[in-house]
There are 2 protein chains.
Amino acid sequence: MRKPAILGGEPAFKEPLHVGRPNLPDKNVFWKYVDRIFDSRWLTNNGPLVREFQEKLEKFLHVKYCVPVCNGTIALELAERALNFKDEVILPSYTFVATAHSLQWQRITPVFADISKFDVTIDSESIKKVLTPNTTGIIGVHVYGHPCDYKKIGSIADTHNINVLYDAAHSFGCEVDNIPIANLGRASVFSFHATKFFNSFEGGAVTTNDESLAEQIRLMTNFGFNGFEKDTVDYLGINGKMTEVSAAMGLAMLHSIESIRENNKQNFEKYREAITDIEGISLIEPPQNLTKHNWQYVIVLVDREQFGIDRDTLIQALEAENVLARRYFYPGCHQMQPYRECFPDYSLILPNTDIISAKVISFPTGQTIGQEEIIGIAECLQSISHNRNHFHG
Amino acid sequence: MRKPAILGGEPAFKEPLHVGRPNLPDKNVFWKYVDRIFDSRWLTNNGPLVREFQEKLEKFLHVKYCVPVCNGTIALELAERALNFKDEVILPSYTFVATAHSLQWQRITPVFADISKFDVTIDSESIKKVLTPNTTGIIGVHVYGHPCDYKKIGSIADTHNINVLYDAAHSFGCEVDNIPIANLGRASVFSFHATKFFNSFEGGAVTTNDESLAEQIRLMTNFGFNGFEKDTVDYLGINGKMTEVSAAMGLAMLHSIESIRENNKQNFEKYREAITDIEGISLIEPPQNLTKHNWQYVIVLVDREQFGIDRDTLIQALEAENVLARRYFYPGCHQMQPYRECFPDYSLILPNTDIISAKVISFPTGQTIGQEEIIGIAECLQSISHNRNHFHG
């Protein structure tokens, strides 16, 4: 068996393997769309490509209304504002920090709930514990595309007469119980950031089946102007506009998305097969009711006792092999600024968040990773495990 | 003399002439940059093109630090937050509504001051009238590239120990008293929106000579992460990142910007020559101390008594000629939602804002407009003026 690079062996890979290396469309397809931009001189402001993209997204996501915007964080801000979120909003701490920041930026207090140990999405019992008379909304995050427990969350929201927004940044192209994911809650937010399953350089969208909510968000995306290029402002709004060139990328990506999905699925299965025998390393499997998945994340939990090495030491050992695995998510938002300072005792009520975030590793997948790389990564894990006695972590 | 189209004549132009039709770079130059994006698979997150763009902007703008961001409104939000603006901030009502919305979105109260009748920038005497103990900052807007009275504003700010931020969205490439415009105040904000002198599809930047302020804004642009792709969050932040493809557009535009400036200048001079004899129509000239100008806006005030037709009727008559002139800015922000509802009596203290916004027209210029079009537009104005008795406006 090979010697781990961190112990003096040759690195397993010559070039670094990244988590979230962007998926790309066919450049020629992209360029044809860009030609249309130069021909029309229409660069932004709800141009023809953004409108075409919007229509294609509505079909792809099986949702009535879609508002493309410049990025997922702005999509969150717009949806939160349009849903009249204020005072306190409940969300999981186990999420990308943008979910919390989008609230705090608007001076809404993010109130963190814990996650389920099994599917790592927000735990409905924990939501009940942090509900107060000042709670104005709940944001469920479909972490790694795993759907939230939407039935229980919907029931809590109905009881307290508040709205549910879903952060579906990880869930492009997913279905739960055969329901396309964008149909849950009052609205959903998607991210088309470079590292996502589906990207438009940067970008995002708010989706909803509520016509008046969609119309309000559409206006708010362009400063609240009543129709693009009109002089009347009806709402407070910001600049959340998607550019034509981002729409060009999104349109081009839609041509490639099913082949990317298939590659992701094959990668996931290869990881499952290749790491199944390594003690102390467990792959998080998608929940049973996730009837359609994008397979974008390969997430592993490291059990220090069984594996013999802690998660952070393993990350370093992998880095020496040129495998740039990531702690995603680590730490929970409650451990980050400004939340850590404001609420130093949050860990007391977020045990699962702290446990999972201390064990989690995200592995490279996507278009630039194939079966061969995955076999190589598994061999790294095996050789590191085999040499566990030489580590101090 | 020809008959105005609105009175039954042939329209002067077959295709509409727009205000703010985007300037474009050489497509081949743009495409070479895009090739680099596809080769590197680096689509966003402070990539090589954004860093190259940043360096070139710092040189072009003669400022120490530049942080490129996704659009000018987000640039305002970031700068306001980094400067610790809160409670009340003074700004002119005569500005694009984004200046006010960027504050209100963060629950900071925009307090409107009036403008000078002469250069239409914020009036320092009016600033003094609306200052309160809750004032935390002043935003000066260099409207049409006309520099604010930076000496008086700086003196007021010093007296009250508050910061000045300049909204330089119109001032790319301008100098006042031979000082490059980005050197005024604590920081300046630029917009690279499609309709601006210089564009990157959408885009913007915060500039400053203060290293720690620049560093803070840079981190805030990426959620406050301490360095790109690190796990530690030091600040509240949002997603303000510029994409690589926007940087590609900006870099390509820098190759063309001086020829666009020269064309703008020739257009401005042609307008001056062509409309000088039309009674009741006066071109707003750049102030004497604007030592370098981008000539991006051709702004005319309509004197209803002298011209014989009111501004809005003239706009309609021009539209019939396919000249899509715009009321820019109309109305003042204080007349827009949500400000109109909160502060219905603002007009009492903003007389110049109401007077100027009722008279102003912005005329088409830029890359797609040449001498011939301007002569045609002047002929429209002459024929409309000649037929003034047939109008009811």
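A few points about this structure:
- Single match in B:239, B:267, B:226 (criterion: in contact (Cβ under 8 Å) with a residue 24 or more places away in the chain and surrounded by fewer than 24 Cβ atoms within 10 Å (Cβ to Cβ)): B:267
- Which numbered condition residue B:49 misses (of (1) over 22 Å from the mean Cα position of the chain (by Cα); (2) over 24 Å from residue B:187 (Cα atoms); (3) buried (at least 24 other Cβ atoms within 10 Å of the Cβ)): (2)
- Any hit, region B:349-370, residues being surrounded by fewer than 22 Cβ atoms within 10 Å (Cβ to Cβ), farther than 30 Å from residue B:181 by Cα and either in contact with a Ser or Thr (Cβ under 9 Å, 6 or more places away or on another chain) or at pLDDT below 95 (or both): no
- Among (1) more than 19 Å from the chain's Cα centre (by Cα); (2) in a helix (DSSP H, G or I); (3) over 21 Å from residue A:120 (Cβ atoms); (4) in contact (Cβ under 8 Å) with a residue 60 or more places away in the chain, the one test that residue A:261 misses: (1)
- Among residues of region B:104-152 being in a helix (DSSP H, G or I) and in contact (Cβ under 8 Å) with a residue 40 or more places away in the chain, the one that is nearest to residue B:352 (Cα to Cα) is B:126.
- Any hit, region A:262-275, residues being of a type in the set (Asp, Glu) and within 30 Å of residue B:73 (Cα to Cα): no
- Residue, surrounded by the fewest Cβ atoms within 10 Å (Cβ to Cβ), within region B:150-175, restricted to residues that are more than 24 Å from residue B:86 (Cβ to Cβ) and within 17 Å of the chain's Cα centre (by Cα): B:175
- Among the residues listed as B:53, B:85, the single one being assigned to a loop (DSSP other than H, G, I, E, B), touching a residue at least 40 places away in the same chain (Cβ under 8 Å) and under 27 Å from residue B:163 (Cβ atoms): B:85
- Taken over region A:314-328, residues that are small (Gly, Ala, Ser) and under 23 Å from the mean Cα position of the chain (by Cα) amount to 1.
- Considering B:272, B:340, the condition of being modelled with pLDDT of 95 or more and charged (D, E, K, R) is satisfied by B:272 alone.
- Search result, residues across region A:11-29 that are touching a residue at least 40 places away in the same chain (Cβ under 8 Å), in contact with a helix residue (DSSP H, G or I) (Cβ under 9 Å, 6 or more places away or on another chain) and facing chain B (nearest Cβ under 8 Å): A:24
- Residue match in region B:301-309 (condition: buried (at least 17 other Cβ atoms within 10 Å of the Cβ) and under 22 Å from the mean Cα position of the chain (by Cα)): yes
- Considering region A:36-46, and only residues there that are more than 8 Å from chain B (Cβ to nearest Cβ) and assigned to a helix (DSSP H, G or I), the residue that is surrounded by the fewest Cβ atoms within 10 Å (Cβ to Cβ) turns out to be A:39.
- Residues located in region A:56-82, provided they are within 12 Å of chain B (Cβ to nearest Cβ), part of a helix (DSSP H, G or I) and among the hydrophobic types (A, V, I, L, M, F, W, C): A:74, A:75, A:76, A:78
- Residues that are in a strand (DSSP E or B) and out of contact with any strand residue (DSSP E or B) (no Cβ under 6 Å at 6 or more places or on another chain), drawn from region A:162-205: A:176, A:179, A:180
- Every condition in (1) hydroxyl-bearing (Ser, Thr, Tyr); (2) away from chain A (no Cβ under 14 Å); (3) touching a residue at least 60 places away in the same chain (Cβ under 8 Å) is met by residue B:357 except one, and the failing one is (2).
- Residue, nearest to the other protein chains (Cβ to nearest Cβ), within region B:206-220, restricted to residues that are in contact with a helix residue (DSSP H, G or I) (Cβ under 6 Å, 6 or more places away or on another chain) and not in a helix (DSSP H, G or I): B:206
- So residue B:303, is it touching a residue at least 24 places away in the same chain (Cβ under 8 Å) and within 14 Å of chain A (Cβ to nearest Cβ): no
- From B:199, B:178, B:226, B:239, residue being more than 12 Å from every other protein chain (Cβ to nearest Cβ) and either under 22 Å from the mean Cα position of the chain (by Cα) or not charged (D, E, K, R) (or both): B:178
- Looking across region A:242-262 at every residue that is among the β-branched types (Val, Ile, Thr) and within 12 Å of chain B (Cβ to nearest Cβ), the one that is farthest from residue A:82 (Cα to Cα) is identified as A:245.
- Here residue B:282 fulfils each of the conditions (1) touching a Leu at 6+ places or on another chain (Cβ under 7 Å); (2) surrounded by 18 or more Cβ atoms within 10 Å (Cβ to Cβ); (3) in a strand (DSSP E or B) apart from (2).
The values are calculated or read from the model by the stated rules, or taken from the named source; none is laboratory data. Fair warning: this is a prediction, and the values are worked out from it, not measured in the lab. All Cβ positions, even for glycine, are placed from backbone atoms using ideal geometry, and neighbour counts span all protein chains on display.
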